[in-house]
Amino acid sequence: MELPNKAQLRRQLLQKRRSLSPAVWQQKSDLLCNHLQSFPLFQTATTVLAYASFRQEPDLKTLFARSQKTWGLPRCAGKSLIWHRWQPTEALQKGSYGIFEPDPHAPLLEPQSADLILVPAVACDRRGYRLGYGGGFYDRLLDLPEWSSQPTIGIIFDFAFLSRLPTDPWDKQLTEVLTETGPKLNR
């Protein structure tokens, strides 16, 4: 069986995500945050790298508000992600791709200080591969030796958890995938 190409799949799944009503999107996001809060990798982490929701990605605001973690959010710099310390009370600003990012003068977070990376995705599969937006930011990050051993959790809605995604040699597997119905991989 031939897999659909990444661009087709990305369009279909983004359309499905955009079709969620605001109430359903928030409900699914809150359920996902509840599962994440009780997940062992999250519970033991002190410093968590996350993201600001974009294009109706699962919203992590309730997680930020309820958890006493040190948070990091990315800022796009060229073709790389730079991680900054961020607190939920701090304002974000729109970056070059329209994604909300921390202030560029906020303190940087080094790889060794991070315990967990919450990775946004369009979709994930049973093998732990993710389909992103096509820019390769997270694949490049996770290919760097200083980041490659960090535990990662792909954050998606259940409809975007597929049995198999098309992959390329540069695609990196995630440690776990989490949806509003709970963890998906048996690792």
Of the residues in the stretch 50-70 that are of a type in the set (Lys, Arg) and part of a loop (DSSP other than H, G, I, E, B), the one that is farthest from residue 29 (Cα to Cα) is 69
When the stretch 1-49 is checked residue by residue, the ones that are of a type in the set (Gly, Ala, Ser) and not in a loop (DSSP other than H, G, I, E, B) are 7, 23, 29
Contact list, first residue from the stretch 162-184 and surrounded by fewer than 14 Cβ atoms within 10 Å (Cβ to Cβ), second anywhere and among the basic types (Lys, Arg) and not in a strand (DSSP E or B), beta-carbon distance below 6 Å, six or more apart or interchain, is 163/126
Of the residues in the stretch 151-187 that are of a type in the set (Asp, Glu) and out of contact with any Phe, Trp or Tyr (no Cβ under 8 Å at 6 or more places or on another chain), the one that is nearest to residue 17 (Cα to Cα) is 158
Within the stretch 131-173, the residues that are among the acidic types (Asp, Glu) and in contact with a strand residue (DSSP E or B) (Cβ under 7 Å, 6 or more places away or on another chain) are 158
By residue number, the members of the stretch 68-90 that are among the small types (Gly, Ala, Ser) and within 18 Å of residue 33 (Cα to Cα) are 72
Answer yes or no as to whether residue 104 is more than 17 Å from the chain's Cα centre (by Cα), part of a loop (DSSP other than H, G, I, E, B) and either under 29 Å from residue 165 (Cα atoms) or in contact (Cβ under 8 Å) with a residue 24 or more places away in the chain (or both). yes
Given (1) buried (at least 17 other Cβ atoms within 10 Å of the Cβ); (2) modelled with pLDDT under 95; (3) of a type outside the set (Asp, Glu); (4) closer than 17 Å to residue 119 by Cα, residue 95 misses just (4)
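The values are calculated or read from the model by the stated rules, or taken from the named source; none is laboratory data. It should be emphasised that the depicted structure is a prediction, and the values quoted were computed from it without experimental measurement. Ideal geometry is used to build each Cβ from the backbone, glycine not excepted, and the neighbour counts take in all protein chains shown.
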